[in-house]
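The values are calculated or read from the model by the stated rules, or taken from the named source; none is laboratory data. Keep in mind the model is a prediction, meaning the values are calculated, not measured. Cβ atoms come from the backbone with ideal geometry, glycine included; neighbour counts cover every protein chain shown.
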Amino acid sequence: MKVAVLASGEGTNLQALLDCVHGRKGVEIVAVASDRLDARALVRAAAASVASAAFPLAEHEGRAARDAAMAGWIAGRGAELVVLAGYMQLLGAEFLGRFPNRVINVHPALLPAFPGLHAVEQALAYGVKVFGVTVHFVDEGVDTGPVILQRAVELPEAREPADVRGPLHAIEHELLPEAVRLIAGDAVGFDPRNPRRVVLER
């Protein structure tokens, strides 16, 4: 299965994918795209000899045009799955329509709690003691797509975002590659009685 990865920043989740699934059991990362020219994820892609490109909004006539250009570039590399690994932009319906039920995202919270930006800060402000990570399919909403995998961690003493992000990053780096492995192995399906429910066969 050919995989494209979208990332906006450091690309640590991309690195986890490169380290854990790239070139294994038929999984190949064929493209890395970013909305930022200075994203370190692009450097990581180059180091792994993976095709990469930046699609800054300023170089396109609006978000739809940028998404169309990015979708065309990704499709041109044969991508069958698109993984949002710290990609900080919303994707429109036309992009998602190019890859139906084939776009996934990793989110630093136990959805449906704390969707959108600043999830860790939202959780801390709410005073929760249990944090977590969700990998989910992407739909047209904000972190509203069907859940593939989740994992929780108790951090009762956490007071600052830094207290939470380290443990969550470690979970992300395990959960996201696992989701890609499951999808590549045709082990992820949908419950016909409830299209929002993901069924896993491990």
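Points worth noting:
- Boolean, Arg196 is in a strand (DSSP E or B), surrounded by fewer than 19 Cβ atoms within 10 Å (Cβ to Cβ) and in contact (Cβ under 8 Å) with a residue 24 or more places away in the chain: yes
- Yes/no for Leu111 being in contact with a Ser or Thr (Cβ under 7 Å, 6 or more places away or on another chain) and not in a helix (DSSP H, G or I): yes
- Unmet requirement for Glu157, which otherwise passes all of (1) touching a residue at least 12 places away in the same chain (Cβ under 8 Å); (2) of a type outside the set (S, T, N, Q); (3) assigned to a loop (DSSP other than H, G, I, E, B): (1)
- Screening the candidates Glu178, Glu121, Glu140 for the property of being surrounded by 12 or more Cβ atoms within 10 Å (Cβ to Cβ), at negative phi, at pLDDT below 95 and not β-branched (Val, Ile, Thr) yields one hit, Glu140.
Let's see how each residue does on (1) surrounded by fewer than 21 Cβ atoms within 10 Å (Cβ to Cβ); (2) closer than 16 Å to Ala31 by Cβ; (3) free of Cβ contacts under 8 Å to residues at least 40 places away in the same chain; (4) not hydroxyl-bearing (Ser, Thr, Tyr):
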| residue | (1), (2), (3), (4) |
| --- | --- |
| Ala46 | yes, yes, yes, yes |
| Ala85 | no, yes, no, yes |
| Leu90 | yes, no, no, yes |
| Phe99 | yes, yes, yes, yes |
| Ile104 | no, yes, no, yes |
| Pro115 | yes, no, yes, yes |
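- Yes/no for Leu124 being of a type outside the set (Lys, Arg) and touching a residue at least 60 places away in the same chain (Cβ under 8 Å): no
Here is a yes/no grid of residues against (1) at pLDDT below 95; (2) surrounded by fewer than 21 Cβ atoms within 10 Å (Cβ to Cβ); (3) touching a Gly at 6+ places or on another chain (Cβ under 9 Å); (4) of a type in the set (A, V, I, L, M):
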position	(1), (2), (3), (4)
Gly132	no, no, no, no
Gly145	no, no, no, no
Leu149	no, yes, no, yes
Glu157	no, yes, no, no
Ala162	no, yes, no, yes
Pro167	no, yes, no, no
Ala170	no, yes, no, yes
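- Odd one out for Gln122, checked against (1) under 16 Å from Leu14 (Cβ atoms); (2) of a type in the set (S, T, N, Q); (3) assigned to a helix (DSSP H, G or I): (1)
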